[in-house]
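Scroll down for the structure; my scribbles are underneath it.
The values are calculated or read from the model by the stated rules, or taken from the named source; none is laboratory data. Here the structure is a predicted model, which is why all the values come from computation and not from measurement. Cβ placement follows ideal geometry from the backbone for every residue including glycine, while neighbour counts extend to all protein chains displayed. For the accessible areas, the whole protein counts, side chains as well, though only heavy atoms, and no ligand, DNA or RNA atoms are used. Shrake-Rupley method; radii C 1.70, N 1.55, O 1.52, S 1.80 Å.
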Amino acid sequence: MHNSDSPDIDALRARIAALETELTALRRTQSIFALGLSHDLHAPLRAVESFSYLLEQRADALDPQARDYLHRIRDASARMAHLLARLQTWMHASHATAARDDVDVSMLADWCIAELRDATPDRDADIAIAIAADLRVIGDERLLRTALQELLHNAWSYARPGTRVSIRIEGERTHDGFHLRIHDAGIGIDPAHVAKLCEPFQRAHVSEHPGTGLGLAIARAVAERHGGTLHLDNAANGGTIAHLHLPETS
């Protein structure tokens with residue numbers, strides 16, 4: 001004799017099976033798209049870059065207007081190449097197989113800050129890392145490093161013009177996992193934009209800071225791959241705070 005709940009259970013199982021099928025199809029579509037990014041879309045772009053480079057070698061034979069057109073083509077192809085590379089990083093963060101490593105968060109932060117200093121050695125910066133030396137999380141080290149790179153690059157890039165870069169990184173164990181905070185003293189975010197800034201292609205200051213709008217989306221994808229979250233707040237004294245939460249079981 002069937003339990004009275006069995007029709008509901010059967011319906012739930014059927015729904016779960018349908019969702020699993022839909023998820024499998026979605027992952028297959030995303031894999032095809034990722035393959036297209038790495039091969040099919042790059043091939044015509046490389047052709048544009050190669051032939052425009054060859055034309056540039058004969059720029060003396062072109063009139064000023066033609067040289068301007070050529071310069072615009074070269075700039076646009078460089079921007080497209082950068083956008084494709086960023087899309088690949090986002091796809092990788094969202095769907096690549098994640099390892100389970102014992103990750104030293106403080107050391108990751110040190111690496112990322114060193115990279116920023118090396119990239120802009122003339123920029124004056126005050127960086128404080130307040131993370132216990134023995135604080136570790138379980139996760140994919142490469143993906144977590146990518147997330148930190150994106151968050152710290154964002155904090156570095158949005159420093160107030162003409163001022164020293166000021167960033168404070170705090171990390172602590174919580175009752176349900178790990179909480180990382182990255183404070184900056186930058187230009188802050190319009191409250192109307194805060195909620196959507198972690199979505200792909202969203203930028204708060206387009207004219208002053210051109211980019212692809214994928215950095216925070218990449219960091220959020222890494223957080224979600226680990227079962228965590230990422231959100232931004234405006235700091236009370238100016239600037240922005242990025243909050244990265246990872247669960248204990250990540």
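Before moving on, here are some points about what is shown:
- Inter-residue pairs, beta-carbon under 8 Å, first farther than 21 Å from Gly228 by Cβ and in contact (Cβ under 8 Å) with a residue 60 or more places away in the chain and in the range 178-191, second open to solvent by 20 Å² or more (accessible area, probe 1.4 Å) and in a strand (DSSP E or B), 6+ apart: none
- Residue list for the range 158-171, restricted to those being under 20 Å from the mean Cα position of the chain (by Cα) and either over 15 Å from Leu216 (Cβ atoms) or open to solvent by less than 40 Å² (accessible area, probe 1.4 Å) (or both): Ala159, Ile167, Arg168, Ile169, Glu170, Gly171
- For the range 97-136, filtering for residues that are open to solvent by less than 80 Å² (accessible area, probe 1.4 Å) and part of a strand (DSSP E or B) leaves 10.
- Residues of the range 71-93 that turn out to be of a type in the set (Phe, Trp, Tyr) and modelled with pLDDT of 90 or more, as a count: 0
- Residue in the range 84-96 that is among the hydrophobic types (A, V, I, L, M, F, W, C), open to solvent by 90 Å² or more (accessible area, probe 1.4 Å) and farther than 30 Å from Thr174 by Cα present: no
- Filtered residues of the range 97-118 (kept if touching an Asp or Glu at 6+ places or on another chain (Cβ under 8 Å) and hydrophobic (A, V, I, L, M, F, W, C)): Ala98, Ala99, Val103, Leu108
- Residue check for Leu151: in contact with a Gly (Cβ under 9 Å, 6 or more places away or on another chain) and closer than 26 Å to Gln202 by Cα: yes
- Unique residue being polar (S, T, N, Q), farther than 25 Å from Asp124 by Cβ and buried (at least 17 other Cβ atoms within 10 Å of the Cβ) when the list is Thr240, Thr146, Thr174: Thr146
- In the range 51-78, residue most open to solvent (accessible area, probe 1.4 Å) [restricted to those that are among the polar types (S, T, N, Q) and part of a helix (DSSP H, G or I)]: Gln65
- Those residues of the range 228-250 which are farther than 22 Å from Ala93 by Cβ and touching a Gly at 6+ places or on another chain (Cβ under 8 Å), in sequence order: Asn234, Ala235, Gly238, Gly239
- Residue in the range 32-48 that is more than 22 Å from the chain's Cα centre (by Cα), of a type outside the set (Phe, Trp, Tyr) and not in a helix (DSSP H, G or I) present: no
- Residues satisfying the stated conditions in the range 18-29, i.e. at pLDDT below 85 and either in contact with a helix residue (DSSP H, G or I) (Cβ under 6 Å, 6 or more places away or on another chain) or of a type in the set (Gly, Ala, Ser) (or both): Ala25
- Output for the range 192-234, where each listed residue is of a type in the set (A, V, I, L, M), surrounded by 16 or more Cβ atoms within 10 Å (Cβ to Cβ) and either part of a loop (DSSP other than H, G, I, E, B) or at pLDDT below 75 (or both): Val194, Leu197, Ala204, Leu214
- One residue alone among Gly162, Gly139, Gly171 is in contact with a Ser or Thr (Cβ under 7 Å, 6 or more places away or on another chain) and not acidic (Asp, Glu), and that residue is Gly139.
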